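The values are calculated or read from the model by the stated rules, or taken from the named source; none is laboratory data. For clarity, every value in this text was computed on a predicted model and none was experimentally measured. So basically every Cβ, Gly included, is an ideal-geometry build from the backbone, and we count neighbours across all protein chains shown. For the accessible areas, the whole protein counts, side chains as well, though only heavy atoms, and no ligand, DNA or RNA atoms are used. Shrake-Rupley method; radii C 1.70, N 1.55, O 1.52, S 1.80 Å.
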Amino acid sequence: MTTRTSTWRVPIALVALGTIPVLAGSLRLVDLSTGSAVMPPNPHFSASPLPVVMHIVSAIVFAMLGAFQFSARFRRRHRTWHRRAGRIVMVAGLAVALSALWLNQFFPRAATARELVYPLRVLFGVALVVTIVLGFRAARRHDFAAHRAWMIRSYAIGIVAGTQVFTLGVGAAIFGHGGVTIALLLVSAWAINLTVAEWAIRKRARRRTPPTSLQVAMQ
């Protein structure tokens, strides 16, 4: 595999992961703007469309533009673009988190899912805000290793809808569609994303850490 191909592998994979939620969100925007019924109707969305539109638009920007922040080669060659696009991604991520917290609070789901998922939606909504703020502060300090780590975590939290497509699609086919099962499958997507994020952060840290004198002597 060439270097040019490998540097785009992660962004392309992330765009693919977000494709289904982006398409679903785009269809929901069509419904809200035209009054059609492309997606299953939701009276909450029709009655209060502004936070829904805010959430969908900001999530699309966060998922798609954010994916291209993970091309190291492109990032090094276009630092100005990376900084400007990064600011847009951060603002979009904050909008995703705040609108998600609003929707979670005022558009309750069924009893079982609400009891299990509601507090975790609050937790991860707040976590998305915190990781973005910490990532911004790290960049201001020119601590780019910490900046990268916090932004990886924030993206992992924000792109969870893409992973939930697979946890629900595969998991529900295996374990059924019970209320508790669906709630646990939704929650498992955050666990998967954050596990992969921490693996990527530590992999990068190991690659950048210089060998110790003992390791050098053993070579």
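Here are some notes:
- Beta carbons closer than 8 Å, at least 6 apart along the sequence or on distinct chains, never pair a first residue in the stretch 147-174 that is free of Cβ contacts under 8 Å to residues at least 24 places away in the same chain with a second that is charged (D, E, K, R) and open to solvent by 30 Å² or more (accessible area, probe 1.4 Å).
- For the criterion of being in contact with a helix residue (DSSP H, G or I) (Cβ under 7 Å, 6 or more places away or on another chain) and open to solvent by less than 40 Å² (accessible area, probe 1.4 Å), PHE124 passes.
- Verdict on LEU17 being within 27 Å of THR167 (Cα to Cα) and open to solvent by less than 70 Å² (accessible area, probe 1.4 Å): yes
- Within the stretch 106-125, if we keep just the residues that are part of a helix (DSSP H, G or I) and among the small types (Gly, Ala, Ser), the residue that is modelled with the highest pLDDT turns out to be GLY125.
- When residues of the stretch 167-205 are limited to those that are of a type in the set (Phe, Trp, Tyr) and open to solvent by 40 Å² or more (accessible area, probe 1.4 Å), the one nearest to VAL117 (Cα to Cα): PHE175
Here is a yes/no grid of residues against (1) open to solvent by less than 40 Å² (accessible area, probe 1.4 Å); (2) among the basic types (Lys, Arg):
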position	(1), (2)
VAL10	no, no
SER26	no, no
SER36	no, no
PRO43	no, no
GLY66	yes, no
ARG73	no, yes
ALA85	yes, no
SER99	yes, no
